[in-house]
Amino acid sequence: MNTTPRGQRHITSQITSSNNSPFARNNASSTPNAPRSPIKTIGRERQELGLSLKRVIGTTCQTVFCFDHLAGTRSFAYTAGAAAVVATVDADGTIEQRFFRANPAQPSQRSNFLPAVSASPADPRHRSPLPPLDRTEWNDSPSGNKNGAVRERVKAATAVSFSPNGRFLAVGETGYKPRVLVFSLAEKSFADSPVASICEHTFGVQSVSFGPDSRYLASLGTVNDGFLYIWAIDERGGAPTLIASNKCTTSVRQMAWMGCSLVTVGLRFIKVWRPNDLPASVNENSERGYGLYNRQHKPLAGRNTLLGDLLDATFTCVAPFSDTKAIVCTDGGDVCILDDEDKGQRLLRVANLNFTITAVCVGPNSKAVITGLDGSIEILDLNELSKTSVLLDTLPGYRSSQKPSTSGYVAVGSIGNAIVTVDNSRGIQLRNICPKSPNDKPGHAVIQKLPAHSDAVLGVRAIAASNEQDIAFVSWSANGTIIFWSSQCEARAVISVSMDQYVDMYNVMNELKTVVAFSSVSHAVTGDKYGVLRVSNVRTGEDVSRVRAHAGEITDIAIHEDSAYTLIASSSRDRTIQLLTWSSGQLDLLQTLDEHAGSVTCVLFAKNGEQLISCSADRTVVVREAARQPGSGLPLFIITRTITLKNSPTCLRMSLFDDTLLVSATDRTIQFVGTRTGRVLSSFKASDTDGGDAVIMSSLVHLPSTAGSPIVAGVASSDKSVRMYSEDGTLLARDWGHTEGVTDIALLKSHTAPDDLAAMKLVTVAADGTILIWATVPERPRSRDYSDVAPSFANTAPGIVSAEQPLRKVISHSEIARFQRSRSNETENSEPTPTAMAATASTGLKKKPSRLSIRPPPPRLEPSPLGTLRNGLTVRSRQRSPSPTPPSPSPRLPPSPRTHPRSAPGRHRLSVSAVPPLLASPAAEKASKDGRTEAGMSGFGSIAASTEQLSRMLRAYRQKLDSNCTGLTGEKLRELEKELDATVQMVQQKMAGQKDEKESQSTSAAEDSSASRATSSSQDASFISARAQLEEETVSGAEATVAP
């Protein structure tokens, strides 16, 4: 969840017209560079605007790794985009869902093992155990990693696993810096804050699996990673500790725990890993072999199983039914039992089915439920299978070459007397496996079904008017599936529009592009890629009317319903807009509009059907007014204004203000355009606070907010984000949940209370087939309660002092700073004592320049060999002054009569620090000035640089003139000769002038040298006389001291 107080945002510099904007501004403070760390409490008292994930529809479960079940709690889990969904089935068949998704800005936690130990002992690359803990991963940090900020947050959930005790859920991710997240399943736990985060895998996490005692967690990386880690999970807090690791060199299809051993199956192998054992090359008394053995982390020992006649088989799934036995199946239909009694790893083939096996699970009463790729479901008795075996001369099965069926299954799980299946179309079904009678075979009747789109979801539309079916929005996918959803996210109707495929359409596959339903949701208007416009009945799913309205793809459809007529407007890539009427179950063409010169992307009705507005790729927005036909009453639209934009628009929506359009363009801007004036009222860049690149908003909505000023919400397909902006361009919230390109967004309002802001929701759809429901006002942060996750040990042992929690009283830095300030104020207000005054008088402040100053250091001047005395005379200094600024002279005190003879003034040497350096001589100043002048004259653009460039050009011209003279005329040669003669004369004059100047400079230098020698002689004479006078004063002072 990405929430940031509105007052802590600063106005971006991309706003073009902030002062002339007609929209009301809120009075929130705009402090630039304000701290945005989530530990700050500034602005937490006010209600924050942001995004909070409320519901997930659909699944991205395509392998057996993405599904898991827990029969004890009647729960199953599956992946859906970046989230993991945990569904619990009640006794009456009702399914309740919870959603777990880590905050994209959640900082990674370190696992509890020594940093010196490599996590991959067999890897010659010697990777570091964990990446450094980066505090700049917060999504609002201004100093964060700007290049990798986005890719670190777009991660797909690819594996889930329940702990057998029902307390934890492990989720594996795939993406940049993938993680293994451990969530708490307690009721009071946060669904977006995991209790542990493991960042050991580099490319992705393929599978996670909890051990039977919930103490161990196994995580397997993808094929590019290949590392298998065994983690010890703390039962109280869920903290992970690495205990063993190794690398898998072949493709793994599934892994599961069989007692204390881990079984992995895949392409022509079955391997049993034993975390409690050591490899044969490593023993406890030696550090040879891998060379990295210690008690915290050791190499994972494993041994392959002899396959016999199944040497070429691909083992697809495994399900243990005891501590030493497991059922293993192949893609050829063979059912085997792996017997690990006394670590023998014996494989016995017990049955053969006539279909490709994809998944297996152990159900109640020792039943094995096996599903196939063709949609078959088989239930076998494990007790009978253990007593039978296949004859030795029976050949193993082979995989069928037929394509997988749409009803084929990819995963299966057992929940009480029912099973849960996930098919290839991403649909989840709850089926009954209880037999109707003892003689009948078990039935597979569907108890409940969770519908979802099996293809990319291309759009979503909200139903604003109330209807009998309580349909709130409609979504559609490319294969022609249209699902009508209620306000409780239940599928009220599902229809499938036939996508006709024509060979003469240049082998372009037909797709359903846009859908709009009538206000009563009795019919729906659809448009496909071939330009066919259909009107379908929602209840029956049949086409009532269909016409070829366009020669190209239909991009948008708008409907205006009036008491006398119904208008349907459709836009297309063929640069036209078709206006049709719907009456008596027929579509009639009313008008064809062809004002645009490019593909028309959006079309809409405004002002209760009196205006028809469209935008096109030709960078124009056309506004049309309705003109009534005499007699018929049907309107015809006439163009009244054409608004030209700087870039092509991608989305066109009506704003909450009158005569104002909300437009997003390809230049990454969001603009408010007035239809009356035809001007852009205000615009801002769709950027972020991380300093990253701005994005193109593919779809927008304008919605009111609790803060007063409306906000703009939209989706960006480039970075798969959902964003909320204020009208001045401040990024209010940004979040991720989809793993592929986000295609559309819609605003849901309550049919009973349309103005209720708390009931408004945002719906986003994406190409990954998922639908996410977002709340615009998140819940207030709650304090974490670990009572269900980590019970206190003191509660289990009352009265024991050693079992109680240790005392803690941590004083924060702010409290210490306040205490120090109060003490300093008390010291200043108190009356100073004479001792303190003397100490203060004797101690002076030293001037110490800062090394971190942003100002350039002053030029360092070389001190003169002569220093200045207090009486104006000069003396030779033996050292250089550390600073060019002379210190202020201190007053000269008379000698004390009790002074020791050794400390007499005559024996004091002159302090170098007391002798200020002389100013630079005029010769030095002149040399410095000449140096600066010379540097300026030789820089870029100077006459010296131009002279050098001209010389190079003349040399190149001579070479070119020598090789080719084609095209030269006499007139051009004479002009060149004239310019060269003038240049030569000018150069000769300059050379003569420089020669005279050098002679005058040498004469002046000789005069300056003689003057300086005279000055030096006078200074030496003054120094000798001053020294003699000083010695006389010293002798007279000593005699005066001895005389008394």
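The values are calculated or read from the model by the stated rules, or taken from the named source; none is laboratory data. Quantities reported herein were computed from a predicted structural model and do not represent experimental measurements. Here the Cβ positions follow ideal geometry from the backbone for every residue, glycine too, while neighbour counts run over all protein chains shown.
One residue is enough: does region 750-761 have a residue meeting the conditions closer than 25 Å to Ala102 by Cα and either outside any loop (DSSP other than H, G, I, E, B) or not assigned by TED's automatic domain parsing to the domain that holds Leu53 (or both)?
So in region 750-761, the residues closer than 25 Å to Ala102 by Cα come out as 758-761.
Restricting the remaining residues to those that are either outside any loop (DSSP other than H, G, I, E, B) or not assigned by TED's automatic domain parsing to the domain that holds Leu53 (or both) gives 761.
For region 750-761, residues closer than 25 Å to Ala102 by Cα and either outside any loop (DSSP other than H, G, I, E, B) or not assigned by TED's automatic domain parsing to the domain that holds Leu53 (or both): present.
Taking the residues in region 473-510 that are aliphatic (A, V, I, L, M) and under 31 Å from the mean Cα position of the chain (by Cα) as candidates, determine which candidate is nearest to Ile559 (Cα to Cα). Steps first, please.
Going residue by residue through region 473-510, those that are aliphatic (A, V, I, L, M) are 474, 478, 482-483, 491, 493-495, 497, 499, 503, 505, 508-509.
Cutting the leftovers down to under 31 Å from the mean Cα position of the chain (by Cα) gives us 474, 478, 483.
Numbers: Val474: 15, Ala478: 22, Ile483: 19 Å.
Residue satisfying both the conditions and the ranking: Val474.
Yes/no matrix, rows are residues, columns are (1) among the charged types (D, E, K, R); (2) farther than 25 Å from Ser519 by Cα; (3) over 17 Å from the mean Cα position of the chain (by Cα):
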{"position": "Ser709", "(1), (2), (3)": "no, yes, yes"}
{"position": "Ser718", "(1), (2), (3)": "no, yes, no"}
{"position": "Ser721", "(1), (2), (3)": "no, yes, no"}
{"position": "Glu727", "(1), (2), (3)": "yes, yes, yes"}
{"position": "Asp735", "(1), (2), (3)": "yes, yes, no"}
{"position": "Glu740", "(1), (2), (3)": "yes, yes, no"}
{"position": "Ile745", "(1), (2), (3)": "no, no, yes"}
{"position": "Leu748", "(1), (2), (3)": "no, no, yes"}
{"position": "His751", "(1), (2), (3)": "no, no, yes"}
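Which count do you get for residues in region 163-196 that are in contact (Cβ under 8 Å) with a residue 40 or more places away in the chain and part of a loop (DSSP other than H, G, I, E, B)?
Adding up the residues that qualify gives 18.
Taking region 289-307 only, how many residues are assigned to a loop (DSSP other than H, G, I, E, B), under 37 Å from the mean Cα position of the chain (by Cα) and modelled with pLDDT of 55 or more?
Qualifying residue count for the region: 3.
Could you list all residues from region 630-685 that are of a type in the set (Ser, Thr, Tyr) and farther than 21 Å from Thr601 by Cβ? Break it down into steps so the answer makes sense when it comes.
Step one: of region 630-685, the residues of a type in the set (Ser, Thr, Tyr) are 632, 640, 642, 644, 648, 650, 655, 660, 664, 666, 669, 675, 677, 682-683.
Selection gives Ser632, Thr677, Ser682.
Restricted to region 343-362, and to residues that are assigned to a loop (DSSP other than H, G, I, E, B) and on the phi < 0 side of the Ramachandran plot, which residue is surrounded by the most Cβ atoms within 10 Å (Cβ to Cβ)?
From region 343-362, those assigned to a loop (DSSP other than H, G, I, E, B) are 344-345, 353-356; that's our starting set.
Checking the rest, the ones that are also on the phi < 0 side of the Ramachandran plot come to 344, 353-356.
Working: Gly344: 11, Leu353: 18, Asn354: 12, Phe355: 22, Thr356: 24.
Taking the candidates together, the pick is Thr356.
Pairs under 6 Å by beta carbon, first residue outside any strand (DSSP E or B) in region 661-681, partner surrounded by 19 or more Cβ atoms within 10 Å (Cβ to Cβ) and among the charged types (D, E, K, R), six or more apart or different chains?
Qualifying pairs under 6 Å: Arg668/Lys685.
Which of the residues belonging to region 940-982 are hydrophobic (A, V, I, L, M, F, W, C) and assigned to a helix (DSSP H, G or I)? Give the derivation first.
From region 940-982, those hydrophobic (A, V, I, L, M, F, W, C) are 940, 943-945, 950, 953-954, 956, 961, 965, 968, 973, 976, 980, 982; that's our starting set.
Within region 940-982, Ile943, Ala944, Ala945, Leu950, Met953, Leu954, Ala956, Leu961, Leu973, Leu976, Leu980, Ala982 meet the criteria.
Quick check on region 463-518: of everything there that is under 24 Å from Thr566 (Cα atoms) and among the acidic types (Asp, Glu), which residue is surrounded by the fewest Cβ atoms within 10 Å (Cβ to Cβ)?
Glu468
Return the only residue of Ser698, Ser705, Ser687 being surrounded by fewer than 21 Cβ atoms within 10 Å (Cβ to Cβ) and not in a loop (DSSP other than H, G, I, E, B). Step through it out loud before you land on a result.
Numbers: Ser705 fails: not in a loop (DSSP other than H, G, I, E, B); Ser687 fails: not in a loop (DSSP other than H, G, I, E, B).
The match here is Ser698.
Let's see how each residue does on (1) crowded, with 19+ Cβ neighbours inside 10 Å; (2) under 30 Å from Ala766 (Cβ atoms); (3) β-branched (Val, Ile, Thr); (4) at pLDDT below 75:
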{"site": "Ile57", "(1), (2), (3), (4)": "yes, yes, yes, no"}
{"site": "Thr60", "(1), (2), (3), (4)": "yes, yes, yes, no"}
{"site": "Ser75", "(1), (2), (3), (4)": "yes, yes, no, no"}
{"site": "Leu114", "(1), (2), (3), (4)": "no, no, no, yes"}
